[in-house]
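In what follows, a single structure is set out as structure tokens and then discussed.
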Amino acid sequence: MEQFETVIVGGGQAALATAYHLQKRGRPFVILEANERIGDSWRKRWDSLRLFTPAKYDGLPGMRFPAPRWSFPTKDEMGDYLESYASQFEFPLRTGVSVDRVFREHSHYVVESGHRTYEAENVIVATGAHRIPRRPHFAPELDRGIVQLHSAEYRNPSQLGGGVLVVGVGNSGAELAYELSRTHRVWQAGAPSTEIPLRHGSVPFRAALPIIRFVGTHVLSGRTPVGRKVRPKFVRMAAPLIRIKSRDLEAAGVERVARVEGVRDGRPLLADGRVLDADSVLWCTGFRDDFSWIDLPVTDENGELMHERGVVPSAPGVYFVGLVFQHAATSDVLPGVGRDAAYVVKRLVGDRRTGRRVTGTPRSLATIRPAPEDGWTASRSST
């Protein structure tokens, strides 16, 4: 049994930004990361992945990203940056620790990982916006000869053979359909997504980015009427296409087809009745949250997380960082996670000093249940 004032669950950008602010305030803590190295959550993504935001916006508090300001880092560069960040500030780490359960015992919280146990006054859950890959309920009915991968498992085109059906119309679906089109026949299922009407990386894009960032951080937030109004729709919808647009997919020969509704004779059945003779299916259908390992009153009767800007009134001492629209539209992406981390740490320190006099109920639920499975729109990208 190890004892800490605060345990941070997760070792990604949300966790590290939180650790920075705890250290800055002189509060002791430990980070528990399931992977063997900090940054592996990025390194394990598909080979060609690059961030959508330029390097000038990709740094965490206290350390800029070491790359040309308007370059777009690779996923390995992002992973290495996070590892260097943790090393630079000498954060206390426990890697290879996958948390199985969090519960309260007397006056403290207990964090269990296999045979290891940690006691804590506070627990900060910073596991990211999503955890569990989503697939439709009918996916197991597809013929066993059809190769199926989720975007979380995809690394490069060599994993898939023949004609590939990409299911999902968000950024992951667009990026991977475009990549696969160079070597495979590709169909993409789903209604077209909205798009940012600027060529990614162009001069107009650079000029508009500060405005987009300002709107996403200060206008579309829990403090404004418009932010509160759009939040429920925002967390359900696919993010607008950023780098690869519909015209790029069309020029690459990607065929747009109706959404997948089921299976017929072992093949994907489309909404228009067409049965697609695909050899492989790539599910770019997003992820879902899973809080079943938190044995505390943090969700309501519908399984939705109850919090106010990452603070859980029903479980004093439990906090979240890195949720989709935790406070603003930028909460789950690199340019915005530092602000939420600073707020949560400020509340943690204040609650500790005042004996955690938590009153009232949360005004909003930032974690929304997944959309119905027959929609199959991809979740927001965190890149």
Longest principal axis of the chain (C-alpha) makes with the long axis of helix 334-353 (C-alpha) an angle, in degrees to the nearest 10, of 30
Shape call for segment 135-226, from the Cα gyration tensor axes a ≥ b ≥ c (a/c under 1.5 means rounded, otherwise prolate when a/b beats b/c, else oblate), comes out prolate
Flagged as over-length at 28 Å C-alpha distance, from Lys24/Lys56; Lys75/Lys229; Lys75/Lys245; Lys75/Lys346; Lys24/Lys229, the pairs are Lys75/Lys229; Lys75/Lys346; Lys24/Lys229
For the chain, dividing by residue count, accessible area per residue (probe 1.4 Å) in Å² works out to 44
Taking N as the residue count of segment 273-348, its alpha carbon Rg divided by 2.2 N^0.38 Å gives 1.52
Expressed as a percent, the accessible surface of the chain that is carbon or sulfur, using a 1.4 Å probe and the full set of protein chains, is 50
Quick note, segment 8-75: a/c under 1.5 would make it rounded; otherwise a/b > b/c is prolate and the rest oblate (a ≥ b ≥ c, C-alpha gyration tensor); here it is oblate
Toy charge model, Lys and Arg Cβ at +1, Asp and Glu Cβ at -1: the chain dipole around Cα centroid in debye, rounded to 20, equals 1580
Averaging 1/r across every pair of distinct alpha carbons in segment 72-221 and inverting yields a Kirkwood hydrodynamic radius, in angstrom, of 20.4
Using the Kirkwood formula on alpha carbons, the hydrodynamic radius of the chain in angstrom works out to 21.8
Mean projected area (nm²) from the convex hull of Cα positions in segment 1-146 is 11.7
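The values are calculated or read from the model by the stated rules, or taken from the named source; none is laboratory data. Just so we're clear, the structure is a prediction, and the values are computed from it rather than from any experiment. Don't worry about glycine lacking a Cβ; one is built from the backbone with ideal geometry, like all the others, and counts go over all protein chains shown. Just the protein is used for accessible areas: all its heavy atoms, side chains included, with ligands, DNA and RNA removed. Shrake-Rupley method; radii C 1.70, N 1.55, O 1.52, S 1.80 Å.
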